[in-house]
1. Once every DSSP H run of n ≥ 4 in the chain is given -39500 (n - 2.57) and the sum is divided by its residues, what mean residue ellipticity at 222 nm do you get, rounded to the nearest 500 deg cm²/dmol?
2. Taking the Cα centre of region 13-70 as origin, work out the dipole magnitude from +1 charges on Lys and Arg Cβ and -1 charges on Asp and Glu Cβ, in debye rounded to 20.
3. Just how large is the dipole of the chain about the Cα centre, in debye to the nearest 20, putting +1 at every Lys and Arg Cβ and -1 at every Asp and Glu Cβ?
4. With springs connecting C-alpha atoms under 10 Å apart, model the chain as a Gaussian network and identify which of E123, E14, E44 has the largest mean-square fluctuation.
5. Which of these, H132, H98, H75, has the largest mean-square fluctuation under a Gaussian network model of the chain (Cα springs below 10 Å)?
6. Starting with the highest mean, order 81-87, 32-38 by the number of other Cβ atoms within 10 Å, averaged over the residues of each peptide.
7. Kindly give the semi-axes, whole Å and largest first, of the ellipsoid equivalent to region 59-161, taking each as the square root of 5 times a Cα gyration tensor eigenvalue.
8. For the chain, compute Rh as the Kirkwood radius over C-alpha pairs and then the Stokes-Einstein diffusion coefficient at 10 °C and 1.306 mPa s; write the answer in µm²/s, rounded to an integer.
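The values are calculated or read from the model by the stated rules, or taken from the named source; none is laboratory data. Every value quoted in this text rests on a predicted model; they were computed, and no experiment measured them. All Cβ positions, glycine included, derive from the backbone under ideal geometry; neighbour counts span all protein chains shown. Note: accessible area is taken over every heavy atom of the protein model, side chains too, but ligands, DNA and RNA are not part of it. Shrake-Rupley method; radii C 1.70, N 1.55, O 1.52, S 1.80 Å.
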Amino acid sequence: MRENQEVLNKYNEEFKDKHPSEIVSWVLTLAKNPVITTNFRPYEAAILNLVASEDKNIKTIWCDTGYNTPNTYKHAEEIIGKLDLNIQLYVPKQTAAHRDVVLGIPDVNDPKHAIFTEQVKLEPFKRAMSEHQPDVWFTNLRKGQTAFRDNIGIFSFSKDGILKVSPFYFWSDETLDSYLEENNLPNEFKYFDPTKVLENRECGLHN
């Protein structure tokens with residue numbers, strides 16, 4: 001399936017009505033080195049629970065910008081403990097305190113915003129992917145989040161040719177609310193992404 005768009009289209013059609021657990025189970029039979037990424041934003045507990053229940057040892061990559069809310073950090077600790085996640089933590093090479101002095105958090109229209117985004121999000125992510133070299137990347141992208149995500153499907157390719165799998169792609173917030181409740185999983189909405197101004201703006205990892 002790797003970098004074969006025709007095959008990708010075939011599987012996107014075949015699996016569009018499958019339950020997310022079926023998607024994850026099938027993909028894991030093919031994957032040699034899968035990872036899941038998270039930032040512990042709202043509804044992340046769903047994808048983490050779904051994948052970890054199929055593979056309890058899967059590497060869970062958390063790129064922490066250093067600007068998360070106290071609520072997010074508490075939520076992350078709760079989820080990590082509850083699901084016994086195999087967390088691989090990546091942080092920027094410069095501390096938030098140091099950056100606040102020399103750069104701050106530039107406005108999205110400021111030319112320095114690209115530098116900021118590279119430092120706090122893109123560089124740690126690239127470092128993580130370079131070290132782990134995954135062939136499959138589980139993520140919680142969903143249709144309706146951004147214009148870009150509206151057209152990628154359950155299966156897509158990253159810029160580096162990694163197979164991205166979004167099992168909950170067609171699920172709404174309401175359906176995910178039910179999933180979280182059924183699985184006794186917490187959710188947390190006090191989340192802050194310093195690289196984005198609007199919720200429907202891409203952060204740079206996926207587009």
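1. Details: 8 runs with 80 residues, N = 207.
Computed mean residue ellipticity for the chain: -11500 deg cm²/dmol.
2. Values: 6 positive and 8 negative charges, 41 e Å.
About 200 debye.
3. It comes to approximately 560 debye.
4. E14
5. Greatest mean-square fluctuation among the candidates belongs to H98.
6. Working: 81-87: 14.9, 32-38: 19.9.
Highest mean packing first, the order is 32-38, 81-87.
7. Numbers: eigenvalues 115, 82, 46 Å².
So the three semi-axes of region 59-161 are 24, 20, 15 Å.
8. Details: Rh = 17.7 Å.
In µm²/s, the coefficient is 90.
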